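Written below as structure tokens is the structure these notes are about.
Values quoted throughout were computed directly from the atomic coordinates according to the rules given, and no laboratory measurement underlies them. Remember, it's a predicted structure, so these values are computed and weren't measured experimentally. Glycine also receives a Cβ, built like all others from the backbone with ideal geometry; neighbour counts cover every protein chain displayed.
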Amino acid sequence: MNSPVKLLSVGALTLDTILSVDTLPARQGKFIASDGVQIASGMASSAACAARRLGADVSLWASAGDDLVGDQLVAGIEAEGVDCSFVRRVTGARSALSAILVDTHGERIIVPFYDKLAQADPEALPIQNLTAFDAVLADVRWPGAAALALAAARAIDRPAILDADTAPRDVLERLFPLASHIVASEPAAFILCGEERGPPEACEALARRTDAFVAVTGGAAGSWWFDRSVASVRHIAAPSIKA
């Protein structure tokens with residue numbers, strides 16, 4: 001029997017407050033949710049949990065405050081079977097929070113908060129090297145850690161996967177050349193391109209800047225990826241869901 005794939009996931013660990021609404025607000029005011037839940041999440045953390053549920057052996061490298069929210073976050077991710085021994089706890093820092101509104105079509109508004117103290121660059125990797133891992137996945141929420149992990153993965157010929165979402169352009173430009181695989185949200189792709197383009201055009205523009213695998217996600221419109229074997233962009237439709 002094959003051993004499970006070992007993944008290091010690097011980046012966001014947030015307490016998400018998710019509220020269900022019929023439609024997303026188009027104006028200021030008070031709106032009543034039909035349901036609500038609080039969960040430990042964040043891009044890297046959600047990816048870690050998803051990979052664990054698919055059978056991978058996953059470790060999370062994230063940063064949290066030394067507060068009760070941080071305790072709750074670590075406990076929530078550990079309950080999913082993800083190793084959290086690499087999670088950094090920063091004295092005096094506040095753990096990350098996110099407010100999320102989701103409508104009946106699955107469209108959402110996300111407002112995250114990350115304490116700069118908690119997200120300060122780490123001095124080094126949490127272990128001497130990453131040879132124990134088969135792949136590294138990093139998001140853009142803890143850029144200093146992502147840069148260290150992606151570069152270390154590339155140095156030993158492991159997949160270095162960047163989950164590129166909305167972030168300051170300097171952060172995206174810092175991490176973009178370090179990855180072997182780049183999956184960018186539509187907003188992140190536009191930021192990197194320096195102008196608003198259609199997702200297929202943005203995908204091709206990004207692919208011309210790197211030898212990495214490049215894909216751009218477009219929500220309900222599906223995703224686009226650059227097929228280097230034919231030097232063109234391909235599209236895959238998004239599945240229909242009911243949130």
Mind checking which of Pro25, Gly65, Ala75 is farthest towards the positive end of the chain's charge dipole, using Cβ charges of +1 (Lys, Arg) and -1 (Asp, Glu) about the Cα centre?
-> Pro25
Amide H partners (placed H, <5 Å) of Gly198, local residues excluded = none
With a ≥ b ≥ c from the Cα gyration tensor eigenvalues, square-rooted, and the rule rounded for a/c under 1.5, otherwise prolate when a/b > b/c and oblate otherwise, segment 106-206 is oblate
Looking only at Glu201, Glu80, Glu123, which one moves most when the chain is put into a Gaussian network model with springs between Cα atoms under 10 Å?
-> Glu123
Antiparallel %, DSSP beta bridges [both residues in the chain], to 5 | 40 percent
Once amide H atoms are built 1.01 Å from N in the peptide plane, which residues 5 or more positions from Ile182, or in another chain, come under 5 Å H to H?
-> Leu162, Phe213, Val214, Ala215
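Could you work out how much longer the chain between Ala132 and Lys30 gets when fully extended? Use 0.36 nm per residue separation minus the Cα distance between them, nm to one decimal. Don't skip to the answer; put the middle values down first.
Values: separation 102, 0.36 × 102 = 36.72 nm, distance 4.98 nm.
Difference between extended and current length: 31.7 nm.
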Pull up the DSSP beta bridges for segment 180-243 and report the antiparallel fraction as a percent, rounded to 5.
-> 60 percent
In debye, nearest 20, what is the charge dipole magnitude of segment 180-243 about its Cα centre with +1 on Lys and Arg Cβ and -1 on Asp and Glu Cβ, if you could check?
-> 180 debye
Each residue of segment 28-41 in order: what ³J(HN,Hα) in whole Hz does its phi give by Karplus 6.51 cos²θ - 1.76 cosθ + 1.60, θ = phi - 60°, with x for Gly and Pro?
-> 6, x, 10, 10, 9, 7, 8, 7, x, 7, 10, 9, 6, 8
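If you count, for each residue, the other Cβ atoms within 10 Å and average over each peptide, how do 24-35, 97-108, 205-216, 131-142 line up from highest to lowest? Show your work: numbers first, answer last.
Values: 24-35: 8.7, 97-108: 15.5, 205-216: 18.9, 131-142: 22.6.
In decreasing order of mean packing, 24-35, 97-108, 205-216, 131-142 become 131-142, 205-216, 97-108, 24-35.
What percentage of all Cα-Cα pairs in the chain are separated by more than 32 Å? Write out the running numbers ahead of the final one.
On the way: 6198 of 29403 pairs.
Of the Cα pairs, 21 percent sit more than 32 Å apart.
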For Arg89, list long-range residues whose amide hydrogen, built 1.01 Å from N in the peptide plane, is under 5 Å from its own amide hydrogen.
-> Ala64
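In debye to the nearest 20, how big a dipole does the chain give about its Cα centre with +1 on each Lys and Arg Cβ and -1 on each Asp and Glu Cβ? Don't skip to the end; give the middle numbers.
Details: 21 positive and 29 negative charges, 36 e Å.
Roughly 180 debye, rounded to the nearest 20.
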